[in-house]
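The values are calculated or read from the model by the stated rules, or taken from the named source; none is laboratory data. Note that the structure is predicted; figures quoted are calculated from it, not measured. When we count neighbours, we look across all protein chains shown, and the Cβ atoms used for this are built from the backbone with ideal geometry, even at glycine. Keep in mind that these areas ignore ligands, DNA and RNA; they rest on the heavy atoms of the full protein, side chains included. Shrake-Rupley method; radii C 1.70, N 1.55, O 1.52, S 1.80 Å.
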Amino acid sequence: MFHFFAYVSRLKHIRRWGLMHCAVPENDAEHSLQVAMIAHALAVMARDRYGRKVDPEHVLALAVYHDATEVFTGDMPTPVKYSLPELREAYWSLESLAAQKMTAMLPESMQPVYAPYLSGKDGDYALVKAADRISAYLKCLEERRAGNPEFLAAEEEIRRGIETIELPEVKDFMAEFVPSFLLTLDEINRPGEVAP
């Protein structure tokens, strides 16, 4: 019997944004799905618009599992995780141990396939990290739309961080897709407003 997928399914119990008041609660499973969709789109753009050698389905798989180790570590708030170099190093060590433990929960024949998904050391991981930041930004927009000012400073800081990412597909995604997240459902459904 192998416990890998039983553990991964517990991502739905890991609450995100632990230090913040959230009008709309979010868990790691929801976040992972959104990051996977965004990372896949970024990879498609990188390949099709910018001619880079990237496999969107591989990037999608990396993104699905990008926070899987948090079933052991929990979601440590970013300001805490990066507050001291020693704490950051200790957390990375803990994540590495969690990845090894999770990989060992798979049949031996599957371990080489899943190990890169859990380690965060794959060459295409930059797209996943960018998608993760975009997802965090979208969460800030969602909270602002819900009337929660708690995320305003985070929204500005994350947006500035995204602007420093030197991947053209990130700029494309921010320009082409993110504005829709500020619209109501009625505004999204308004006829004649689909981009060419």
Shape of the stretch 81-133 from its Cα gyration tensor (a ≥ b ≥ c, root eigenvalues): rounded if a/c is under 1.5, otherwise prolate when a/b > b/c, or oblate?
oblate
Residues meeting the amide H criterion for Arg52 (H placed from the backbone, H to H distance under 5 Å, 5 or more places apart or on another chain) are Arg47
Straight-line reach from Lys139: which lysines have Cα under 20 Å away, leaving out those fewer than 8 places along the same chain?
Lys12, Lys81, Lys129, Lys171
If you average the sequence gap of Cα pairs under 8 Å that are 6 or more apart and divide by the length of the chain, what percent do you get for the contact order?
24 percent
What is the spin-label model distance, in nm, from Arg10 to Ser109 if the labels are put 7 Å beyond Cα along the C-beta direction?
2.7 nm
Checked the stretch 16-117 against the a/c 1.5 cut and the a/b vs b/c comparison, axes a ≥ b ≥ c from its Cα gyration tensor; verdict oblate
Degrees between helix 152-163 axis and first principal axis of the chain (Cα, 0 to 90, nearest 10)
80 degrees
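For the chain, what is the calculated [θ] at 222 nm in deg cm²/dmol (nearest 500), taking -39500 (n - 2.57) for each run of four or more DSSP H residues and dividing by its residue count? All intermediate terms of the calculation are to be shown ahead of the outcome.
On the way: 11 runs with 117 residues, N = 196.
The helix-only estimate for the chain comes to -18000 deg cm²/dmol at 222 nm.
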Table column - 3J(HN,Hα) (Hz), the stretch 45-55, Karplus curve with 6.51, -1.76, 1.60, x for Gly and Pro:
5, 4, 6, 7, 8, 10, x, 7, 7, 8, 9
Degrees between helix 125-145 axis and first principal axis of the chain (Cα, 0 to 90, nearest 10)
50 degrees
With an 8 Å cut-off on Cα pairs and a minimum separation of 6 or more residues, tell me the relative contact order of the stretch 1-101 in percent.
27 percent
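List the trypsin sites (Lys or Arg not before Pro) within the stretch 95-129 that DSSP assigns to loop and that have no more than 14 neighbouring Cβ atoms inside 10 Å. Could you put the intermediate results ahead of the total?
Values: sites: Lys101, Lys121, Lys129; in loops: Lys121.
Counting only loop positions with at most 14 other Cβ atoms within 10 Å, the trypsin sites (Lys or Arg not before Pro) in the stretch 95-129 are Lys121.
Rounded to a whole number, what % of the accessible area of the stretch 59-196 do carbon and sulfur atoms account for, probe 1.4 Å? Please report the intermediate quantities before stating the final value.
Numbers: 4490 of 7760 Å².
With neighbouring chains kept in place, the figure for the stretch 59-196 is 58 percent.
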Would you mind checking the tilt of helix 85-103 against the longest principal axis of the Cα atoms of the chain, expressed as 0 to 90 degrees and rounded to 10?
70 degrees
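Contact order normalised by length for the stretch 127-192, with contacts defined as Cα pairs under 8 Å and 6 or more residues apart; what percent is it?
Values: 31 pairs, mean separation 23.2, N = 66.
35 percent.
Compare the peptides 160-173, 62-75, 134-147 by average per-residue count of other Cβ atoms within 10 angstrom and give them in order, highest first.
Details: 160-173: 15.0, 62-75: 20.5, 134-147: 18.9.
The packing order, highest mean first, is 62-75, 134-147, 160-173.
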